[in-house]
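Bear in mind these aren't lab numbers, they're just calculated from the coordinates by the rules spelled out. As the structure is a prediction and not an experimental result, all values here were calculated from the model. All Cβ positions, even for glycine, are placed from backbone atoms using ideal geometry, and neighbour counts span all protein chains on display.
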Amino acid sequence: MLTKFRKRVLKYLAKRNERKHRRRYVAGMRATFVKCPACGGDFSGHHLWRLASAILNCEGSRASELDRLIHAHEWEQATRIDEWEGTKDERMYYIVRCPHTSNLTMMVLISVFEMWDDDYFEYTEQLDDESTRTISRLANGHWEAFPPAGA
Ligand SMILES: [Zn+2]
């Protein structure tokens, strides 16, 4: 049985680990999202939402299904695919809300697991009015301010 003190220590360690992960996440986001494709400026004052993601080069992955949904602008269905694993490559579909542009932009990121390979953007797409409306509705309450807090 755990004593009160040990419980407190474990809680502290879990919190510390969480902060460490958060710091890494924030640093990674800052290094990756450097220049907004819509306005050409940096990302301060922008908002991001990860609409969907799929694991690559892996049996049973839904990457090609997701790719098809994205190209068909089936946004709502695409949001249901949210695969993620720390040890695999992933394709991540990020939506950028730029304060200087009325329409949303999609940035498609290849997240590479290998430490010595950098993540890179595969392509970006300026979304039309209809997609902007649909995605704004889906993203409601999910937007993350950039730069992310908690560094
Ligand atoms: Zn911008």
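Per-structure values
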item: Between 0 and 90°, nearest 10: helix 4-32 axis offset from the chain longest Cα axis; result: 30
item: The chain: Cα Rg divided by the 2.2 N^0.38 Å rule of thumb; result: 1.20
item: Nearby lysines by direct alpha-carbon distance to Lys20 (threshold 23 angstrom, same-chain neighbours under 8 apart not counted); result: Lys7, Lys11, Lys88
item: ³J(HN,Hα), Karplus 6.51/-1.76/1.60, whole Hz, each residue of segment 33-45, x for Gly, Pro; result: 8, 9, 10, 5, x, 7, 10, x, x, 7, 8, 4, x
item: Built amide H within the under 5 Å cut-off of Thr105, gap 5+; result: Val96, Cys98, Leu127
item: Part-to-part distance (alpha-carbon centres) for segment 1-73 and segment 102-147, which is given in Å; result: 12
item: Dipole axis of the chain (+1 Lys, Arg; -1 Asp, Glu on Cβ), positive-most option in Ala14, Ser131, Ser111; result: Ala14
item: Relative contact order of the chain, defined on C-alpha pairs under 8 angstrom at six or more residues apart (%); result: 27
item: Point-charge dipole on Cβ atoms (K/R +1, D/E -1) for segment 4-145, about Cα centre, debye to 20; result: 1720
